[in-house]
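Novice: This is the structure I want to talk about, given as structure tokens.
Throughout, read-outs are computed from the coordinates displayed, never taken from laboratory work. No experiment lies behind these values; they were computed from the predicted model shown. Here the Cβ is made from the backbone with ideal geometry for all residues, glycine too, and neighbour counts use every protein chain on show.
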Amino acid sequence: MSSKEFSTVEVSLGDRSYPVVVGYDLFAEIDRYVSSRYEKVAVITQAEIPWQLDLSVEFEVFTIPGGEDAKSLRVVDEVSSKLAQFGLKRNHLIVALGGGVVTDLGGFVASTYYRGMDYMNVATTLLGMVDAAIGGKTAVNLREGKNLVGSFWQPKAVFCDLETLKTLPESQRRSGFGEMAKYSFLSSYTLQDLSLMDQVTKCIEIKAGYVASDEREGGRRALLNYGHTLGHAIEAQGFDRSLTQRLTHGEAVAVGIYFAAKLALSMDRIDETRLEEHLQVIHGYGLNEQLPNWIQRDSLLDYMKRDKKSTGTLTFVLDGKEGLEVVRDISESVVQEVLSEF
Ligand SMILES: NC(=O)c1ccc[n+]([C@@H]2O[C@H](COP(=O)([O-])OP(=O)(O)OC[C@H]3O[C@@H](n4cnc5c(N)ncnc54)[C@H](O)[C@@H]3O)[C@@H](O)[C@H]2O)c1
């Protein structure tokens, strides 16, 4: 494989450091990596994902259901039992092949099975490549909330084969673009001028930097949540009302990014030129900055107060002269005013 066909970013975490490999046609490389290190492998994936690994060592494929509901303790239980029946031991490997649902669930299983074993992510969605597969946050959902049970458990390697994006539905591609738009404000790069491979690599470099400096999100890693206070509120309202025409995660984040910029403008943290830059990036990715017409504005504030960065008051990641920063205890009336004009 020539050096042009792939790039590697290291997530630097001392003896838990690992490579994130980005490129095209990586499946043979994945086989080489896995087969030279492990004797037995469990591949966790979904039936909807039209990509399969063919490994030179003993392996079996375990499928989980599609959709967010698969991130449950029930599925953890089912998959773990199947791994035990397969005879998977602590010195073997789990490969999570899929988007964020598969890597969150697979990573969580790996962190608990045999009290923690090696796993590797092969990301097949754009959102997975630039975000979910990297950084070691694993989780499943409870009825009471999303990602309430989880662990910090770093993979041994992550592979992002851009070839797999060829089969990704357009809505999922847009979801990845929403997260990529976010990275434009976490760096000084003009990402959109780059090739897809270089954009994905840059996003991973940025995320890897935040993970390396704040693995457990005690501080600056929280800046990766830019656009997520309103973004999560939009997503949560769509789920709670069981709407079929919801926004994907990244589409909701794009709206949230623009809202955070409007809020920053109203608080004199940024000027109109910077607000316009936000719009250009969001539109550059073909995304919309407006609230969807199904949204119930009256309850959005309550949803935003439930944001995980919040301690009961309104908390946003906001842009400013010194870059992004987590701003707590923002007055409800200020947020409400920006919301009513939005
Ligand atoms: N751990 C983290 O740091 C982190 C960060 C962001 C998001 N997440 C989690 O990620 C999840 C969302 O992940 P997602 O956006 O990747 O969605 P997803 O995993 O649900 O995948 C979206 C859909 O695309 C299908 N799919 C995946 N790859 C495909 C391919 N190559 N071709 C065709 N279809 C394909 C899947 O089967 C699924 O139906 C959420 O549960 C979220 O909480 C985790």
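Novice: In whole Hz and in residue order, list the ³J(HN,Hα) couplings for the stretch 250-267 that follow from phi through the Karplus curve 6.51 cos²θ - 1.76 cosθ + 1.60, θ = phi - 60°; x for Gly and Pro.
Specialist: With the stated coefficients, the stretch 250-267 comes to x, 5, 5, 5, 4, 5, x, 5, 5, 4, 4, 5, 4, 5, 4, 5, 5, 9 Hz.
Novice: Kindly identify the stretch 220-341 as rounded, prolate or oblate by the Cα gyration tensor criterion: order the square roots of the eigenvalues as a ≥ b ≥ c, call it rounded if a/c is under 1.5, otherwise compare a/b with b/c, prolate if a/b is larger, else oblate.
Specialist: Oblate, since a/c reaches 1.5 and b/c is not below a/b.
Novice: Another question about this same structure. Within the stretch 242-305, which chymotrypsin sites (Phe, Trp or Tyr not before Pro) sit in a loop by DSSP and count at most 14 neighbouring Cβ atoms inside 10 Å?
Specialist: Answer by residue number: TRP294.
Novice: Counting only residues 5 or more places away or on other chains, whose amide H sits under 5 Å from the amide H of VAL11 once H atoms are built in the peptide plane?
Specialist: Result for VAL11 returns TYR18, VAL20.
Novice: Using helices alone, what [θ] at 222 nm do you get for the chain, with -39,500 (n - 2.57) per DSSP H run of 4 or more residues, divided over all residues and rounded to the nearest 500?
Specialist: -12000 deg cm²/dmol, from helical runs alone.
Novice: Test of understanding: ordering TRP51, TRP153 by Cβ neighbours within 10 Å, fewest first, what list do you get?
Specialist: Result, fewest neighbours first: TRP51, TRP153.
Novice: Percent of Cα-Cα pairs per 10 Å bin, from 0 to the last occupied bin, for the chain, please list those.
Specialist: 5, 26, 34, 23, 9, 2, 0
Novice: Once the Cα atoms of helix 170-184 and of the chain are each reduced to a long axis, what angle between those two axes, in degrees from 0 to 90 to the nearest 10, is obtained?
Specialist: 70
Novice: Structure shown: which of LYS89/LYS156; LYS40/LYS166; LYS207/LYS262; LYS40/LYS137 lie over 27 Å apart, alpha-carbon to alpha-carbon?
Specialist: Beyond 27 Å: LYS40/LYS166.
Novice: For the stretch 278-293, in order, what is each residue's ³J(HN,Hα) by Karplus, 6.51 cos²θ - 1.76 cosθ + 1.60 with θ = phi - 60°, in whole Hz (x at glycine and Pro)?
Specialist: Karplus-based 3J(HN,Hα) across the stretch 278-293 equals 4, 4, 4, 5, 4, 5, x, 8, x, 9, 9, 9, 8, 5, x, 6 Hz.
Novice: Which lysines does LYS305 reach when only Cα atoms under 16 Å apart count, and residues fewer than 8 places away in its own chain are ignored?
Specialist: Straight-distance partners of LYS305: LYS146.
Novice: Work out from phi, with θ = phi - 60° and the Karplus expression 6.51 cos²θ - 1.76 cosθ + 1.60, the ³J(HN,Hα) of each residue of the stretch 33-40, listed in order in whole Hz, and give x for Gly and Pro.
Specialist: Per-residue couplings from phi come out as 4, 6, 5, 7, 10, 10, 9, 8 Hz.
Novice: Using a Gaussian network model of the chain whose springs link C-alpha atoms within less than 10 Å, name the residue from ILE44, ILE270, ILE204 with the highest mean-square fluctuation.
Specialist: Its mean-square fluctuation being the largest, the pick is ILE270.
Novice: May I ask for the longest run of the chain untouched by GluC sites (Glu not before Pro) that are loop-located per DSSP and have at most 12 neighbouring C-beta atoms (other than their own) within 10 Å?
Specialist: Excluding the exposed sites themselves, the longest stretch runs over 145-321.
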